[in-house]
Amino acid sequence: MDKAKVIAAMNDALRLELASALKYLDWSFRVFGPTRKPVVEHFLEEATESIDHATMLGDKIVSLGGKPLVVADNPKTPDRVTLDDMLKLAVANEEAAIDAYTKLLGMVQDETHLRVLFENQIAAERGHLEEVSKMLRR
Ligand SMILES: [Fe+2]
Ligand SMILES: [Fe+2]
């Protein structure tokens, strides 16, 4: 594998996970109505898990001899959003995570520990995508 390219792509994923944590936290503050509680809980679980994923990436970047870049883009959620708008944004967010880990998986085919790590990440993000897609289903 090309270690420098893998570290750069892992830093891209780290930035994505940190932005994801901020987005889910932001969305958790904006849920209203009788179905508020489970959705807020879901968003807060996702925020925590995104931080866990960011931590895993940072630790692994250090193990590979790289420097984790702890930066996050500001969430750009419009002022007025409905619950369905946020769930659709969550779908896009999870799809972006799957894309990032799929790209990484393609770069580390000769490194079993990284291949397994990114396969597990894809499975986890796929689980999130399926869950939020079910929440959107009527
Ligand atoms: Fe994640
Ligand atoms: Fe996720």
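The values are calculated or read from the model by the stated rules, or taken from the named source; none is laboratory data. This structure is a prediction, so every number in the text was calculated from the model and none was measured. Methodologically, a virtual Cβ is constructed for each residue, glycine included, from the backbone with ideal geometry; neighbour enumeration extends over all protein chains shown.
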> Taking only pairs six or more apart or across chains, which ones have beta-carbon atoms under 8 Å, a first residue in region 37-50 that is within 11 Å of Glu17 (Cβ to Cβ) and of a type in the set (Ser, Thr, Tyr), and a second residue that is in a helix (DSSP H, G or I) and modelled with pLDDT of 95 or more?
Replying inline: Ser50/Glu17; Ser50/Leu18; Ser50/Ser20; Ser50/Ala21; Ser50/Tyr24
> If we keep just the residues of region 1-53 that are within 13 Å of ligand 2 (Cβ to nearest atom) and hydroxyl-bearing (Ser, Thr, Tyr), which is surrounded by the fewest Cβ atoms within 10 Å (Cβ to Cβ)?
Replying inline: Thr48
> Can you name every residue in region 86-107 that is more than 14 Å from His42 (Cα to Cα), touching a residue at least 40 places away in the same chain (Cβ under 8 Å), hydrophobic (A, V, I, L, M, F, W, C) and more than 13 Å from ligand 2 (Cβ to nearest atom)?
Replying inline: Leu104, Met107
> Within region 54-73, is even one residue surrounded by 15 or more Cβ atoms within 10 Å (Cβ to Cβ), within 30 Å of Arg138 (Cβ to Cβ) and out of contact with any Pro (no Cβ under 7 Å at 6 or more places or on another chain)?
Replying inline: no
> So Asp110 clears everything in (1) surrounded by fewer than 13 Cβ atoms within 10 Å (Cβ to Cβ); (2) free of Cβ contacts under 8 Å to residues at least 24 places away in the same chain except one condition, right? Which one?
Replying inline: (2)
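Would you call Lys67 assigned to a loop (DSSP other than H, G, I, E, B) and of a type in the set (Lys, Arg)? I'd like the intermediate steps shown before the answer.
Values: assigned to a loop (DSSP other than H, G, I, E, B): yes; of a type in the set (Lys, Arg): yes.
Against the criterion (assigned to a loop (DSSP other than H, G, I, E, B) and of a type in the set (Lys, Arg)), Lys67 qualifies.
Could you list, in sequence order, all residues of region 113-127 that are among the hydrophobic types (A, V, I, L, M, F, W, C) and either in contact (Cβ under 8 Å) with a residue 12 or more places away in the chain or surrounded by 15 or more Cβ atoms within 10 Å (Cβ to Cβ) (or both)?
Pass one, region 113-127, residues among the hydrophobic types (A, V, I, L, M, F, W, C): 114, 116-118, 122-124.
Listed by number, the residues that qualify are Leu114, Leu117, Phe118, Ile122, Ala124.
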>> I need the full set of residues from region 127-138 which are in contact with a helix residue (DSSP H, G or I) (Cβ under 6 Å, 6 or more places away or on another chain) and within 11 Å of ligand 1 (Cβ to nearest atom), in order please.
In response: His128, Leu129
>> Looking only at region 8-39, how many residues end up being assigned to a loop (DSSP other than H, G, I, E, B) and among the polar types (S, T, N, Q)?
In response: 1
>> One residue is enough: does region 83-90 have a residue meeting the conditions of a type outside the set (S, T, N, Q), in contact with a helix residue (DSSP H, G or I) (Cβ under 7 Å, 6 or more places away or on another chain), within 14 Å of ligand 1 (Cβ to nearest atom) and at pLDDT 95 or above?
In response: yes
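Going residue by residue through region 50-60, is there one that turns out to be under 20 Å from Val6 (Cβ atoms) and either β-branched (Val, Ile, Thr) or away from ligand 1 (no atom under 14 Å from the Cβ) (or both)? Explain how you work it out, then say what you get.
To start, the set of residues in region 50-60 that are under 20 Å from Val6 (Cβ atoms) comprises 53-60.
Right, trim to either β-branched (Val, Ile, Thr) or away from ligand 1 (no atom under 14 Å from the Cβ) (or both) and you get 55, 59.
Yes, because at least one residue in region 50-60 is under 20 Å from Val6 (Cβ atoms) and either β-branched (Val, Ile, Thr) or away from ligand 1 (no atom under 14 Å from the Cβ) (or both).
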